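K.L.:
The structure follows.
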Amino acid sequence: MMMRNHFAIAIGLVLACGLAGAASAQFFLPDWELSTAQRTYAGPEMVSVMHVPDGSGDPFAAAQLPGGAGSVDATIVVTLVDPVGNPVQGYPAEDVWVEAADGGVAYCAGGNFADGPTDASGVTTFTGARRGGGSSESLLLVYVSGVALTSNAGLAITSNSPDLNGDGTVNLVDVVTFAGHYGGTYAYAADLHYDQQINLADVVRLAHAWGASCP
């Protein structure tokens with residue numbers, strides 16, 4: 001009888017430990033519906049960042065307002081949580097990246113990764129300039145391990161580049177392409193100053209980026 005009682009007590013302890021463990025269990029993979037991505041700037045405008053293959057373009061923290069109206073902090077704040085809402089800490093920066101919804105931006109290898117791994121609150125950011133070329137007027141999506149977050153439709157941030165053809169280098173091909181837009185029909189891809197005109201201000205930005213290439 002005593003042995004049977006000891007066995008029952010042991011089983012009870014195992015079950016109690018198991019239930020306690022289940023109650024405190026955490027998932028370490030983010031939930032793509034509960035995790036969020038937000039643009040710091042809360043205004044209604046679509047803002048623009050000019051990417052350059054060597055990373056010398058516009059940081060998200062100084063995105064351009066339309067009409068040449070200056071710049072705003074459009075830092076992207078990403079918060080990763082698991083299926084029960086716990087923050088996902090230490091998620092690798094290379095597993096969190098941005099892409100234009102239409103795929104029009106050609107990023108350099110690693111040029112669209114987050115600033116760093118997620119912190120204790122599950123937060124990481126996109127603050128500085130990214131490396132890439134091409135252009136897109138579509139919404140910007142945040143991907144986590146190859147899956148776009150579905151908590152919103154995308155962020156109102158467009159991108160263009162003096163690397164107009166997106167081949168990873170600002171060269172004569174881009175100058176020829178730009179010249180085709182200069183003085184002609186408006187094309188966002190060539191509006192590097194984001195003032196809704198293709199003019200000398202855009203020429204200056206193109207000239208400053210001449211020769212830039214992906215690392």
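Rule-based calculations on the coordinates, nothing more; no lab input. From a predicted model like this one, the values you see are computed outputs, not experimental measurements. Reconstructed Cβ throughout: ideal geometry from the backbone, glycine too, with neighbour counts over all protein chains shown.
K.L.:
With the convex hull built on the Cα atoms of the chain, state its orientation-averaged projected area in nm².
P.N.:
That works out to 14.2 nm².
K.L.:
Considering amide H positions built from the backbone, and no H for Pro or chain starts, which residues 5 or more places from Val123, or on another chain, come under 5 Å of its amide H?
P.N.:
Leu80
K.L.:
Next question, about the same structure. Would you kindly derive the ³J(HN,Hα) couplings of segment 119-128 from the backbone phi angles with the Karplus curve 6.51 cos²θ - 1.76 cosθ + 1.60 (θ = phi - 60°), listing them in order in whole Hz, with x for Gly and Pro?
P.N.:
8, 4, 8, x, 9, 9, 9, 10, 10, x
K.L.:
Return the distance in nm (one decimal) between the two label points of a simple spin-label model at Gln196 and Asp119, each offset 7 Å from Cα along Cα→Cβ.
P.N.:
3.8
K.L.:
Scan around Val98 for amide H atoms under 5 Å from its own, H built in the peptide plane at 1.01 Å from N, and keep only partners 5 or more places away or cross-chain.
P.N.:
Tyr143
K.L.:
Give a residue-ordered list of calculated ³J(HN,Hα) values for segment 187-198 (Karplus: 6.51 cos²θ - 1.76 cosθ + 1.60, θ = phi - 60°; whole Hz; x for Gly, Pro).
P.N.:
9, 4, 4, 9, 8, 5, 8, 6, 10, 6, 9, 9
K.L.:
Then there is this: Please determine, in degrees from 0 to 90 and to the nearest 10, the orientation of helix 172-181 with respect to the longest principal axis defined by the Cα atoms of the chain, where the helix direction is its Cα long axis.
P.N.:
It works out to around 70 degrees.
K.L.:
Rounding to the nearest 20 debye, state how big the charge dipole of the chain is about its Cα centre with +1 on each Lys and Arg Cβ and -1 on each Asp and Glu Cβ.
P.N.:
Computed charge dipole of the chain: roughly 620 debye.
K.L.:
Work out from phi, with θ = phi - 60° and the Karplus expression 6.51 cos²θ - 1.76 cosθ + 1.60, the ³J(HN,Hα) of each residue of segment 94-106, listed in order in whole Hz, and give x for Gly and Pro.
P.N.:
Working through the residues one at a time gives 6, 9, 10, 8, 10, 8, 5, 4, 9, x, x, 9, 9 Hz.
K.L.:
Around Ala106, which amide H atoms from residues at least 5 apart in sequence, or from another chain, sit under 5 Å from its own amide H, with H modelled in the peptide plane?
P.N.:
Amide H to amide H, under 5 Å and 5 or more residues apart or across chains, Ala106 pairs with Gly133, Gly134, Ser135.
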